[in-house]
Amino acid sequence: MKLESIELTNFRNIQSLQLEAAPGVNVIYGENAQGKTNLTEAIWLFTGAKSFRGAKDKELIRFGETCCKSKIHFCSELRKQTASIQLFSGEMASAKTKEVFLNELPLESSSELAGQFYAVVFSPAHLSLVREGPSFRRKFLDTAISQILPRYDHYLHEYQRILLQRNTLLKDLARFPQLIDTMEIWEEHLSKAAAAVVFCRARYVNRIRPKAAEVYEGISSGKEQFDLHYLCGIKQPEERPRDDIREFFLQEYRRTRSADIERGATLCGPHRDDLEFLVNGMPMKLYGSQGQQRSGVLALKMAECSMVEEVTSETPIVLLDDVMSELDAGRRDYLLNHLENRQVFVTCCDDESFRGLKEGKSFLIQAGHLMDIKAF
Ligand code: ATP
Ligand code: MG
């Protein structure tokens, strides 16, 4: 997959910009607050996912404007395609807040772009994956799996829907004790939905583990070992058939029922899962240095990239926002030299560390404008 060009109008601080990308490395450099991450974010939105900065659509429209537009030309499976996203602030007469087109045909929503345009992003916000609570790691798993297995989204929604029903029932029991008779049936549904989610997550983690470990080993020049542990309450879930997992949860829901009634919430299930990062066998969150944590997240992202390649035969575009800081020269070199065949967009303050690269382009961005373009 290659992004050939992107055009932006009134996207955040970018009033008007047109960029013709190189098929290899694209370095976007400039001082702080000039629009480098904004440009990366604009590219990312074509994956159909939400902003990696957690931004709402209307925050993407340039201050004082009522709409913004982004359009890309890209190439996938050797076919040339175009996609565009237009956002409206809602102040204009039309009630629409978003219009999305793929090859000039309208789509119902931007999530339909998933499976058309593949990218993997690393931004400083992703360090929360190691540093913050488990919800960030569950979100990573869910987004990554959805990219390669669209029906996973359905499993997840189904689980969340039934979980909500059981939680409502747990709370209602205080006023309507006779409702306890319906509990068994909800638990059966819930354990089936939980098993579908856990089954996919366990197999996904099992496949990215060796890939992430290999990348990490390279980044650290073989000095450190990296591993991932999927924590879902079951031992070796990747080896269990889905029915076994369903049975496990059914028993768990029955076992924890009275505690759940007391708390008015379901205590076990995939909404409590976690993904542990280990460096040299120790939890990275507690013992990892800044550079190790950054390397761990990068290794995970590169493993995600390889998974997309394996499953879809498309090479995702790699977006590396502010990745170089906190990495020593050895780690940086490894990263830059192991991105072959992948189109990369990397942001940084200056393009010095990239001058040794054989081919690519660099773009200087100032106040949302492209000021200088160099090919190397
Ligand atoms: P850094 O090197 O610090 O990461 P950056 O070049 O990546 O900087 P961006 O995050 O891309 O910076 O851009 C930040 C700039 O964009 C800020 O000046 C911010 O005020 C501006 N900005 C963000 N949203 C909007 C918007 N909706 N309209 C106009 N400007 C915006
Ligand atoms: Mg930035």
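The values are calculated or read from the model by the stated rules, or taken from the named source; none is laboratory data. As the structure is a computational prediction, the values presented were derived from the model and not from experiment. Note that each Cβ is placed from the backbone with ideal geometry, even for glycine, and that neighbours are counted across all protein chains shown. For accessibility, only protein heavy atoms count, side chains too; no ligands or nucleic acids. Shrake-Rupley method; radii C 1.70, N 1.55, O 1.52, S 1.80 Å.
Here's a check for you: in region 338-376, which residue that is among the small types (Gly, Ala, Ser) and over 26 Å from the mean Cα position of the chain (by Cα) is surrounded by the fewest Cβ atoms within 10 Å (Cβ to Cβ)? Filtering region 338-376 for residues that are among the small types (Gly, Ala, Ser) and over 26 Å from the mean Cα position of the chain (by Cα), the one surrounded by the fewest Cβ atoms within 10 Å (Cβ to Cβ) comes out as ALA375. Within region 345-365, residues that are touching a residue at least 24 places away in the same chain (Cβ under 8 Å) have Cβ atoms under 7 Å from residues that are among the basic types (Lys, Arg) and surrounded by fewer than 21 Cβ atoms within 10 Å (Cβ to Cβ) in these pairs: SER353/ARG332; LYS361/LYS374; SER362/LYS374, counting only partners at least 6 apart in sequence or on another chain.
Do we have any residue at all in region 75-86 that's over 25 Å from ALA196 (Cβ atoms), open to solvent by 20 Å² or more (accessible area, probe 1.4 Å) and within 16 Å of ligand 2 (Cβ to nearest atom)? Scanning region 75-86 turns up no residue that is over 25 Å from ALA196 (Cβ atoms), open to solvent by 20 Å² or more (accessible area, probe 1.4 Å) and within 16 Å of ligand 2 (Cβ to nearest atom). Of all residues in region 325-337, those that are surrounded by fewer than 20 Cβ atoms within 10 Å (Cβ to Cβ) and closer than 20 Å to PHE52 by Cβ total 3. The set of residues in region 124-143 that are within 16 Å of ligand 2 (Cβ to nearest atom) and either at pLDDT 95 or above or among the aliphatic types (A, V, I, L, M) (or both) comprises ALA125, LEU127. Within the set ALA144, ALA125, the sole residue that is in contact (Cβ under 8 Å) with a residue 60 or more places away in the chain, within 30 Å of LEU275 (Cβ to Cβ), within 16 Å of ligand 1 (Cβ to nearest atom) and not in a loop (DSSP other than H, G, I, E, B) turns out to be ALA125.
Exactly one residue among THR182, THR168 is in contact with a helix residue (DSSP H, G or I) (Cβ under 8 Å, 6 or more places away or on another chain) and either surrounded by 13 or more Cβ atoms within 10 Å (Cβ to Cβ) or within 21 Å of THR256 (Cβ to Cβ) (or both), and that residue is THR182.
Pick from SER111, SER94: which is at pLDDT below 95 and surrounded by 16 or more Cβ atoms within 10 Å (Cβ to Cβ)? Talk me through it step by step, then tell me what you get.
Details: SER94 fails: surrounded by 16 or more Cβ atoms within 10 Å (Cβ to Cβ).
Checking each option against the conditions leaves just SER111.
Every condition in (1) modelled with pLDDT of 95 or more; (2) over 18 Å from PHE345 (Cβ atoms); (3) surrounded by 14 or more Cβ atoms within 10 Å (Cβ to Cβ); (4) out of contact with any helix residue (DSSP H, G or I) (no Cβ under 6 Å at 6 or more places or on another chain) is met by LEU105 except one, and the failing one is (3). Candidates PHE122, PHE136, PHE52: the one that is open to solvent by 90 Å² or more (accessible area, probe 1.4 Å) and in contact with a helix residue (DSSP H, G or I) (Cβ under 8 Å, 6 or more places away or on another chain) is PHE136. With respect to THR37, is the statement that it is within 16 Å of ligand 2 (Cβ to nearest atom), among the β-branched types (Val, Ile, Thr) and open to solvent by less than 40 Å² (accessible area, probe 1.4 Å) true? Criteria met by THR37.
Could you tell me how many of the residues in region 56-74 are open to solvent by less than 30 Å² (accessible area, probe 1.4 Å), closer than 28 Å to ASP142 by Cα and either modelled with pLDDT under 95 or in a strand (DSSP E or B) (or both)?
Our first condition is that a residue be open to solvent by less than 30 Å² (accessible area, probe 1.4 Å); within region 56-74, this holds for 60-61, 68, 70, 72, 74.
Going one step further and asking which of them are closer than 28 Å to ASP142 by Cα, we end up with 60-61, 70, 72, 74.
Narrowing the set further to residues that are either modelled with pLDDT under 95 or in a strand (DSSP E or B) (or both) leaves 61, 70, 72, 74.
Result for region 56-74: 4.
Close Cβ contacts (under 6 Å, 6 or more residues apart or on different chains) running from residues in region 204-226 that are within 13 Å of ALA144 (Cβ to Cβ) and in contact (Cβ under 8 Å) with a residue 12 or more places away in the chain to residues that are open to solvent by 10 Å² or more (accessible area, probe 1.4 Å) and not charged (D, E, K, R) comprise VAL205/TYR230; LYS211/SER306. Pairing each residue of region 165-181 that is farther than 15 Å from SER191 by Cβ with any residue that is among the charged types (D, E, K, R), provided the two are 6+ apart or on different chains, yields C-beta distances under 7 Å for LEU170/ASP260; LEU179/ASP172.
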